[in-house]
Ligand SMILES: Nc1ncnc2c1ncn2[C@@H]1O[C@H](COP(=O)(O)OP(=O)(O)OP(=O)(O)O)[C@@H](O)[C@H]1O
Ligand SMILES: [Mg+2]
């Protein structure tokens with residue numbers, strides 16, 4: 001009982017920092033998806049160079065542990081900007097570095113998910129679209145994309161949950177997110193109530209992940225239901 | 001109406017079509033027969049611009065040009081004036097039977113929705129599937145899917161419809177319903193070019209038969225001529241083999 005009270009109390013202290021986690025995650029998801037889309041397009045393109053470059057990029061990113069990626073971006077980018085553009089970016093909000101690192105990390109699995117979803121939709125439907133007079137873009141947008149979306153959804157959600165968890169490393173470069181907050185709470189209590197604090201933190205991550213899973217299965221269900229109810 | 005001259009196509013240095021010439025007149029029902037790998041599918045795909053030809057000339061729908069000189073506008077013109085019925089149907093899986101037909105009318109032809117629906121229902125009626133209009137492809141049998149594929153093609157009222165082995169992917173008991181629909185189309189004057197292994201269709205429904213082998217047209221003529229009195233040894237051998245297999 002005592003523990004539950006403590007956990008609830010810590011939840012109250014941690015939750016205000018959730019907006020950092022949400023901003024970091026959402027930005028990385030959006031930017032990472034866009035980059036993933038470009039990568040998928042590169043891997044599906046006619047150009048051998050683009051295909052090879054994209055596939056090297058994906059392999060390298062996939063083999064980079066998240067924490068190393070965050071440090072690489074945090075320490076490497078200022079050097080790069082100094083050297084190439086003679087710009088000092090030391091003053092940047094540290095959150096930006098995390099977002100960039102997570103965007104890079106997220107883009108690799110997402111590009112693979114998008115590519116395989118696209119390839120799972122038969123090329124014949126594209127040809128059928130062209131021969132009823134639609135343009136390649138119209139056919140892609142109206143026929144291929146909606147189907148690929150449904151195929152990609154579960155894996156995409158999986159990657160989002162992974163990203164969320166990798167985002168828990170944000171604190172390592174000094175951004176005060178929920179994890180950093182938890183560390184401060186433990187420090188303030190001179191190391192006391194540590195497990196209750198982290199238990200509260202874990203609860204928050206569980207709820208977010210569950211919400212994502214639930215959301216995805218709702219979307220999937222609504223697609224299936226649409227198909228069932230229309231045809232009697 | 002459609003004239004093809006010297007059509008050539010190769011894949012990776014391998015000549016598949018070695019100079020194909022033939023013409024299609026309005027109302028023609030042409031059957032293309034020939035052994036597997038002779039280039040029949042490739043022929044239909046290059047004429048309909050799904051594949052780029054390596055040489056040859058096309059005159060069709062106001063175009064009179066070498067295949068290699070076709071620009072984007074010509075390609076659109078060709079695509080708008082042909083229909084295509086695929087071996088494996090290629091219906092839009094995220095659309096109902098009705099929507100499969102209205103899609104091209106609304107999106108490509110800019111027909112009003114209500115008008116498109118009317119045209120689509122007429123097409124569905126011609127293939128006997130009015131009661132399946134709201135079914136998705138996954139809820140239809142192969143024969144029904146192929147009939148939707150045919151309805152999708154005729155609704156756009158193209159000058160000529162190409163069929164690539166429309167019954168080859170079907171269970172034997174479903175072949176009849178599709179052939180029946182095709183026969184009705186032929187009787188109503190639809191211009192059709194049909195790649196088929198159904199010798200009965202070639203003999204009884206078409207007015208001309210083209211026999212292809214190894215990327216050439218070996219011979220062509222009336223069904224009577226090809227089936228009863230072929231001039232080429234290869235045609236004879238092919239027909240004997242295929243007819244003795246039935
Ligand atoms: N995209 C492609 N790339 C390489 N080779 C191809 C391609 N498409 C077809 N071919 C080759 O071209 C030849 C002719 O193929 P095509 O599909 O036109 O024959 P077909 O007469 O339609 O045969 P079938 O009766 O089996 O359908 C075959 O040897 C095939 O392997
Ligand atoms: Mg074929």
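Identify, from the list B:132, B:208, B:203, the residue that is without any contact (Cβ under 8 Å) to a residue 40 or more places away in the chain and either within 16 Å of ligand 1 (Cβ to nearest atom) or within 27 Å of residue B:18 (Cα to Cα) (or both).
B:203
I'd like the residue in region B:147-171 that is within 16 Å of ligand 1 (Cβ to nearest atom) and over 11 Å from the mean Cα position of the chain (by Cα) and, out of all such residues, is nearest to residue B:90 (Cα to Cα).
B:169
Taking residue B:87 as the residue in question, decide whether it is under 26 Å from residue A:224 (Cβ atoms) and either within 21 Å of the chain's Cα centre (by Cα) or modelled with pLDDT under 95 (or both).
Numbers: under 26 Å from residue A:224 (Cβ atoms): no; either within 21 Å of the chain's Cα centre (by Cα) or modelled with pLDDT under 95 (or both): yes.
It is false that residue B:87 is under 26 Å from residue A:224 (Cβ atoms) and either within 21 Å of the chain's Cα centre (by Cα) or modelled with pLDDT under 95 (or both).
Within 16 Å of residue A:131 (Cβ to Cβ), buried (at least 21 other Cβ atoms within 10 Å of the Cβ) and within 16 Å of ligand 1 (Cβ to nearest atom): which single residue out of B:92, B:86 fits that description? Steps first, please.
On the way: B:92 fails: within 16 Å of ligand 1 (Cβ to nearest atom).
None of the other options fit; the residue is B:86.
Select from region B:49-84 the residues that are within 14 Å of chain A (Cβ to nearest Cβ), touching a helix residue (DSSP H, G or I) at 6+ places or on another chain (Cβ under 6 Å) and within 23 Å of residue B:15 (Cβ to Cβ) and list them in ascending order.
B:49, B:50, B:51 - these are the residues of region B:49-84 that are within 14 Å of chain A (Cβ to nearest Cβ), touching a helix residue (DSSP H, G or I) at 6+ places or on another chain (Cβ under 6 Å) and within 23 Å of residue B:15 (Cβ to Cβ).
Quick check on this structure: which one of A:97, A:106 is under 18 Å from the mean Cα position of the chain (by Cα) and modelled with pLDDT of 95 or more?
Of the residues listed, the single one that is under 18 Å from the mean Cα position of the chain (by Cα) and modelled with pLDDT of 95 or more is A:106.
Out of curiosity, is residue B:214 surrounded by fewer than 20 Cβ atoms within 10 Å (Cβ to Cβ) and either within 14 Å of ligand 1 (Cβ to nearest atom) or on the phi < 0 side of the Ramachandran plot (or both)?
Working: surrounded by fewer than 20 Cβ atoms within 10 Å (Cβ to Cβ): yes; either within 14 Å of ligand 1 (Cβ to nearest atom) or on the phi < 0 side of the Ramachandran plot (or both): yes.
When the stated conditions are applied, residue B:214 passes them.
For residue A:150, indicate whether it is farther than 21 Å from residue B:88 by Cα, at the interface with chain B (Cβ under 10 Å from one of its Cβ atoms) and out of contact with any strand residue (DSSP E or B) (no Cβ under 7 Å at 6 or more places or on another chain).
yes
Check off (1) within 14 Å of chain B (Cβ to nearest Cβ); (2) crowded, with 19+ Cβ neighbours inside 10 Å for residue A:103 and give me the number that stays unchecked.
Exception for residue A:103: condition (1).
Identify all residues within region B:12-40 that are touching a residue at least 12 places away in the same chain (Cβ under 8 Å), more than 27 Å from residue B:185 (Cβ to Cβ) and either within 16 Å of ligand 2 (Cβ to nearest atom) or buried (at least 22 other Cβ atoms within 10 Å of the Cβ) (or both); write none if there are none.
Quick first cut of region B:12-40, residues touching a residue at least 12 places away in the same chain (Cβ under 8 Å) only: B:15-35, B:38-40.
Checking the rest, the ones that are also more than 27 Å from residue B:185 (Cβ to Cβ) come to B:15-16, B:18-19.
Residue satisfying the conditions is B:16 alone.
The values are calculated or read from the model by the stated rules, or taken from the named source; none is laboratory data. Computed from a predicted model, the values in this text were never measured in an experiment. Heads up, the Cβs are rebuilt from the backbone with ideal geometry, glycines too, and the neighbour counts pull from every protein chain shown.
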